[in-house]
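Below you'll find the structure, written out as structure tokens, and then a few comments.
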Amino acid sequence: FVRAPVTRRKSWSDLLTQLERENICCVNNRHCMETTSDKYRTSLVLAEQELNQPKNVLIHHQDKALDAFDRLGAKFPVIIKTLSGSFGAGVFLAENKRQFKDLIKLAEITKKSYSIIVQEFIKESFGKDIRAFVLNGKVIGCMMRQATDDDFRANITRGGEGIPYQMDDEIEWLGGE
């Protein structure tokens with residue numbers, strides 16, 4: 001079972017490729033790990049599959065942040081995310097233009113070469129999301145993650161709760177044919 005840290009070192013990813021070439025079953029192959037370790041790349045793959053998702057835009061430099069926000073066509077609040085990360089780390093809610101500019105500036109101060117995603121905020125999803133688990137193109141289960149406090153993130157590592165969620169035709173469709 002391959003976990004996200006494999007993408008942190010090229011040698012670990014190369015080891016994964018060697019295992020795959022030896023026909024060793026790797027749950028989460030290299031391509032999957034490289035795609036899902038980058039939130040923007042993941043959004044592109046989801047868009048190719050015509051899956052609904054919040055609109056987002058990639059920002060590489062603070063001077064282009066307001067232009068990118070305008071291209072997004074969203075209103076405040078918006079979500080700001082680092083390209084990598086998990087457990088809700090690097091995910092922020094900017095409720096107004098001042099917070100937006102401050103968070104963009106913070107990104108530049110902490111790392112001169114950065115990329116972040118600005119994403120429209122879906123008010124109805126505040127503090128909850130649904131996760132579908134797909135194996136070999138078939139949805140095998142799903143759950144709703146629900147924040148147990150006033151956090152807009154539903155991460156279990158942040159105190160959220162995993163709740164069984166009944167699959168319906170729309171969720172089963174996610175698995176493909």
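Under 28 Å from the Cα of Lys101, which lysines turn up, not counting those fewer than eight places away in the same chain?
Within reach: Lys39, Lys55, Lys64, Lys75, Lys81, Lys111, Lys112, Lys123, Lys128.
Which stretch or stretches of region 1-29 have amide N atoms under 17 Å from the point lying 7 Å from Asn136's Cα along the Cα→Cβ direction?
1, 24-29
If each of Leu66 and Thr36 carries a label point 7 Å out from its Cα toward its Cβ, how far apart are those two points in nm?
3.9 nm
Taking only C-alpha pairs under 8 Å that are 6+ residues apart, what is the relative contact order of region 80-177 in percent?
Computed value for region 80-177: 23 percent relative contact order.
Over region 41-177, average the accessible area per residue using a 1.4 Å probe and give it in Å², no decimals.
Result: 66 Å² per residue.
Let me know the charge dipole size of the chain about its Cα centre in debye, to the nearest 20, where only the beta-carbon of Lys, Arg (+1) and Asp, Glu (-1) is charged.
880 debye
Considering Cα pairs under 8 angstrom that are at least six residues apart, work out the relative contact order of the chain and quote it in whole percent.
So the answer I get is 16 percent.
Percent of accessible area on the chain owned by carbon and sulfur, 1.4 Å probe?
Using a 1.4 Å probe with all protein chains present, the chain comes out at 52 percent carbon and sulfur.
At a Förster distance of 35 Å, what's the computed FRET efficiency of Asn155 paired with Gln18, Cβ-Cβ distance as r, to 0.05?
0.60
Over the chain, consider all pairs of different Cα atoms and compute the Kirkwood hydrodynamic radius from their mean reciprocal separation; express it in Å, one decimal.
Computed over the chain, the radius equals 18.0 Å.
Sorting Phe69, Phe92 by accessible area (1.4 Å probe), largest first, what list results?
I get Phe92, Phe69, largest accessible area first.
Per DSSP H run of n ≥ 4, the term is -39500 (n - 2.57); total these for the chain, divide by its residue number, and report the mean residue ellipticity at 222 nm rounded to 500 deg cm²/dmol.
Helices in the chain give a 222 nm mean residue ellipticity of -9000 deg cm²/dmol.
The values are calculated or read from the model by the stated rules, or taken from the named source; none is laboratory data. Keep in mind that this is a model prediction, so the values were computed, not measured. Note: ideal-geometry Cβ built from the backbone for every residue, glycine included; neighbour counts use all protein chains shown. These area figures cover heavy atoms from the full protein model, side chains too; ligands, DNA and RNA do not enter into them. Shrake-Rupley method; radii C 1.70, N 1.55, O 1.52, S 1.80 Å.
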